[in-house]
Amino acid sequence: VSQSPILNDGFADVAAGLKYNIYKDAAAQQIVSVGATYEIPIGSAQTLQGNGDGEFNAFITGGTQMWQGSHWISASGFRLPANRAQENQVFYWSNHWDQQLGQSGIYLFKEVNWFHYMSGANAFPLPIGGGDLFNLGSPVAGTNFVSGALGVKYKPQQNVEIGVAYEVPYSNRKDLMK
């Protein structure tokens, strides 16, 4: 049960889509993929979800091992709402760098995310964009939001990761990247 005075309990919208590897080199530990999803607006209104008529996301992702135990993963794309009056068009670029500590399953990581709001909307009256979880449909056209995170993760098995991160917003200013 949420103790937040702003958000109540509920769930987020659900996305479904496809992703295809256009380049993969296992020996060099490199991969590039393209994909698209559709976010179905069925989330709970009390958690600021379920607005609009859905959102398409076209993206490209890539990853490489930089040196032994160190990786860079990057994703960039466009979030394109079905109804631009209720949700914002957003360009994003997200980056993740990690470094394994020795031969342990522990990794330190850093992440940087950039969101550029390409259009404004009129569904939410405050000039707040919502980052990667919310598309509030706010009057934020031309605004950039950059955030970063530092964290640690543990990989007890090859296909299992458990971690924590501390995220810090760097900026929410229109003049940041002009």
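The values are calculated or read from the model by the stated rules, or taken from the named source; none is laboratory data. Just so you know, these numbers come straight off a predicted model, no measurement behind them. In this analysis, Cβ positions are derived from the backbone assuming ideal geometry, glycine residues included, and neighbour counts consider all displayed protein chains. With ligands, DNA and RNA removed, areas are computed over all heavy atoms of the protein, side chains included. Shrake-Rupley method; radii C 1.70, N 1.55, O 1.52, S 1.80 Å.
Might you let me know whether the stretch 128-139 holds any residue that is farther than 25 Å from ILE162 by Cα, aliphatic (A, V, I, L, M) and at pLDDT 90 or above? Scanning the stretch 128-139 turns up no residue that is farther than 25 Å from ILE162 by Cα, aliphatic (A, V, I, L, M) and at pLDDT 90 or above.
Among the strands (runs of 3 or more DSSP E) confined to the stretch 7-99, the ones with at least 1 residues that are touching a His at 6+ places or on another chain (Cβ under 6 Å) are located at 55-67, 70-81. Given the criterion open to solvent by 70 Å² or more (accessible area, probe 1.4 Å), in contact with a strand residue (DSSP E or B) (Cβ under 8 Å, 6 or more places away or on another chain) and without any contact (Cβ under 8 Å) to a residue 40 or more places away in the chain, identify the matching residue among ILE22, ILE40. Result: ILE22 is the single residue among ILE22, ILE40 that is open to solvent by 70 Å² or more (accessible area, probe 1.4 Å), in contact with a strand residue (DSSP E or B) (Cβ under 8 Å, 6 or more places away or on another chain) and without any contact (Cβ under 8 Å) to a residue 40 or more places away in the chain. Of GLY151, GLY137, GLY102, which residue is surrounded by fewer than 18 Cβ atoms within 10 Å (Cβ to Cβ) and on the phi > 0 side of the Ramachandran plot? GLY102 is the lone residue from the list that is surrounded by fewer than 18 Cβ atoms within 10 Å (Cβ to Cβ) and on the phi > 0 side of the Ramachandran plot.
How about the stretch 100-124: which of its residues are over 18 Å from LEU48 (Cβ atoms) and outside any loop (DSSP other than H, G, I, E, B)? Hits for the stretch 100-124 are GLN100, ILE106, TYR107, LEU108, PHE109, LYS110, GLU111, VAL112, ASN113, TRP114, HIS116.
Filter the stretch 1-19 for residues that are open to solvent by 70 Å² or more (accessible area, probe 1.4 Å) and over 24 Å from ILE60 (Cβ atoms); which is modelled with the highest pLDDT?
Step one: of the stretch 1-19, the residues open to solvent by 70 Å² or more (accessible area, probe 1.4 Å) are 1, 3, 5-6, 8-9, 11, 18-19.
If we keep only those that are over 24 Å from ILE60 (Cβ atoms) as well, we get 1, 3, 5-6, 8-9, 11.
Numbers: VAL1: 50, GLN3: 64, PRO5: 61, ILE6: 58, ASN8: 62, ASP9: 68, PHE11: 77.
Among them, the one singled out is PHE11.
For the stretch 48-58, filtering for residues that are more than 14 Å from GLY137 (Cα to Cα) and either without any contact (Cβ under 8 Å) to a residue 40 or more places away in the chain or among the β-branched types (Val, Ile, Thr) (or both) leaves 2. Of the residues making up the stretch 82-125, those that are of a type in the set (Phe, Trp, Tyr) and out of contact with any Ser or Thr (no Cβ under 7 Å at 6 or more places or on another chain) are PHE91, TRP97, TYR107, PHE109, TRP114, PHE115.
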